[in-house]
Amino acid sequence: MPSINENFLSMEKNYLFINIAKKVKAFTEAHPDADIIRMGIGDVTQPIAKCVVEAMKKGADEMGVKETFRGYEDSGAGYDFLREAVSGYYKSFGVDIPADDIRINDGAKADCGNIVDIFGNDNIVLVTDPAYPVYVDTNLMNGRKIIYANSNEKNGFAAMPDENVHADLIYLCSPNNPTGSVYTKEQLEEWIRYAKKNKAIIIYDSAYEAFITEENIPRSIFAVEGAKECAIEMCSLSKTAGFTGMRCGYTVVPHELYVTASTGEQVSIAQLWGRRQGSKFNGVSYPVQCAAAAVFTPEGQEEIKVNIRYYQENAKIISSALDEMGIKYTGGKNSPYIWFKCPNNMGSWEFFDLLLEKANVVGTPGSGFGKNGEGWFRLTAFGDRERTKEAMERIKKLTF
Ligand code: PLP
């Protein structure tokens, strides 16, 4: 009989959104006529840009012709045309990332989880709390020690390092899921300084960078001096270009990033990551990479911005309603998430139930993202315009 990885036994039985889906299913069965508005899971709703769809069709057509058919991609790191396109995209906001430092993947979730393969299980992992659950879960699976940096109302849900605490791996996400908060350049400088002092590596998740509206907020950690010697960045086309069902993202591991092995040998993190991916990942499909490259063309950028603006307008509708109700929140400005305090000191799940029962609106309980999320709640701006308006009208009518 095989033994199991018993680290799984110390984890929550289900991923947060499976628990929410179960509750909603039970409610729907009991109230089949309820008109439920879903603002829980952060999935996009607007169709993919036309030029992106055309590029994918063209890529698919090429696969049906002998002369242009493609099998395995040689490197598994992504076609040069896409890596160059991503590199050009970074350049458009002033960040110099060579195409060779970029690896294409099937979305940021996989890389966020898989990157831990190249690090020892004795590392101390620092996660800001609340956080995207993948950072905690994937480290728990390997039995790593996790410590937390508190994001809370006092620091605007932008946790900063504690000089008295040591960490080896640090997860940062800006714009943040779930809180919608962002780090300024100065705050990231502080994290970089802390990482260098601790010889730590920052795993930086920039999946929502396209939602940044303020000029002084970095769209990449590599916009900050010194990051290339201590950070890895993960980004995704899921929210930027509606790729949640297409699956494509990219990870930047700078060639400057090295760690010292126990033998004293200087080891390139990019080399280790390439070795890991070479054995466990066979690349992203050619038509999807063609589609992804179209996102970075001038036409693609124009088209995707239409959808981003649409979601940003939804965010305004949500935050204006909360303003009217006098409810405190973060996010919405540089992020598609609005994170607010549950009225009347209600607990997150208590408020979830109330919202579902009284307004038939589904949101995400903040406590599902960590202990500092208790008493807070997340709504997403990724919904349909009319449904977002309707949801906020229903919420405004509630008495707490
Ligand atoms: N990172 C963050 C912070 C997210 O919220 C998500 C998805 O919701 C992802 C990464 C993963 O996105 P994907 O795997 O679709 O690229």
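Annotation for segment 335-346: at least one member residue is open to solvent by 10 Å² or more (accessible area, probe 1.4 Å), over 29 Å from residue 126 (Cα atoms), touching a helix residue (DSSP H, G or I) at 6+ places or on another chain (Cβ under 8 Å) and not aromatic (Phe, Trp, Tyr). Output yes when any residue across segment 65-73 is loosely packed, with under 13 Cβ neighbours inside 10 Å and at pLDDT below 95, and no when none is. Looking for residues that are loosely packed, with under 13 Cβ neighbours inside 10 Å and at pLDDT below 95, one finds none in segment 65-73, hence no.
Out of all the residues in segment 99-117, which are within 14 Å of the ligand (Cβ to nearest atom), among the hydrophobic types (A, V, I, L, M, F, W, C) and either over 13 Å from residue 277 (Cα atoms) or crowded, with 19+ Cβ neighbours inside 10 Å (or both)? The answer is 104, 108, 112, 115.
Is it the case that segment 240-263 has a residue that's within 11 Å of the ligand (Cβ to nearest atom), in the same structural domain as residue 208 (by TED's automatic domain parsing) and aromatic (Phe, Trp, Tyr)? Yes; the residues of segment 240-263 include at least one that is within 11 Å of the ligand (Cβ to nearest atom), in the same structural domain as residue 208 (by TED's automatic domain parsing) and aromatic (Phe, Trp, Tyr). Looking at 55, 60, just one residue is of a type in the set (A, V, I, L, M) and crowded, with 16+ Cβ neighbours inside 10 Å, and that residue is 55. Only a single criterion out of (1) farther than 28 Å from residue 140 by Cβ; (2) surrounded by fewer than 22 Cβ atoms within 10 Å (Cβ to Cβ) is not satisfied by residue 295, namely (2). Inspect segment 198-213 for any residue being out of contact with any helix residue (DSSP H, G or I) (no Cβ under 7 Å at 6 or more places or on another chain) and either among the basic types (Lys, Arg) or modelled with pLDDT under 95 (or both) and give the result as yes or no. Yes, segment 198-213 has at least one match. With respect to residue 26, determine if the residue is away from the ligand (no atom under 16 Å from the Cβ), under 24 Å from residue 357 (Cβ atoms) and free of Cβ contacts under 8 Å to residues at least 12 places away in the same chain. Considered against the rule, which asks whether it is away from the ligand (no atom under 16 Å from the Cβ), under 24 Å from residue 357 (Cβ atoms) and free of Cβ contacts under 8 Å to residues at least 12 places away in the same chain, residue 26 comes out as yes. Number of residues in segment 86-98 that are out of contact with any Gly (no Cβ under 9 Å at 6 or more places or on another chain), surrounded by 16 or more Cβ atoms within 10 Å (Cβ to Cβ) and more than 18 Å from residue 271 (Cα to Cα): the value is 4. Scanning segment 118-133 for residues that are farther than 22 Å from residue 159 by Cβ and either polar (S, T, N, Q) or within 16 Å of the ligand (Cβ to nearest atom) (or both) yields a single hit, 121.
Given (1) farther than 20 Å from residue 26 by Cβ; (2) in contact with a Pro (Cβ under 7 Å, 6 or more places away or on another chain); (3) open to solvent by 20 Å² or more (accessible area, probe 1.4 Å), where does residue 381 come up short, assuming only one miss? The one condition residue 381 does not meet is (3). So residue 273 clears everything in (1) within 20 Å of residue 202 (Cβ to Cβ); (2) within 16 Å of the ligand (Cβ to nearest atom); (3) open to solvent by less than 10 Å² (accessible area, probe 1.4 Å); (4) not in a strand (DSSP E or B) except one condition, right? Which one? The failed condition is (2). For segment 130-137, the count of residues that are of a type in the set (Ser, Thr, Tyr), under 28 Å from residue 301 (Cα atoms), open to solvent by 10 Å² or more (accessible area, probe 1.4 Å) and in contact (Cβ under 8 Å) with a residue 12 or more places away in the chain is nonzero. None of 4, 48 is assigned to a loop (DSSP other than H, G, I, E, B), within 30 Å of residue 286 (Cα to Cα) and either open to solvent by 30 Å² or more (accessible area, probe 1.4 Å) or in contact with a helix residue (DSSP H, G or I) (Cβ under 9 Å, 6 or more places away or on another chain) (or both) except 48. Scanning segment 186-230 for residues that are on the phi > 0 side of the Ramachandran plot and of a type in the set (Lys, Arg) returns a single hit, 199.
The values are calculated or read from the model by the stated rules, or taken from the named source; none is laboratory data. Please read all numbers here as calculations on a predicted model, not as lab measurements. FYI the Cβ positions are ideal-geometry reconstructions off the backbone, even for glycines, and counts take in every protein chain you see. With ligands, DNA and RNA removed, areas are computed over all heavy atoms of the protein, side chains included. Shrake-Rupley method; radii C 1.70, N 1.55, O 1.52, S 1.80 Å.
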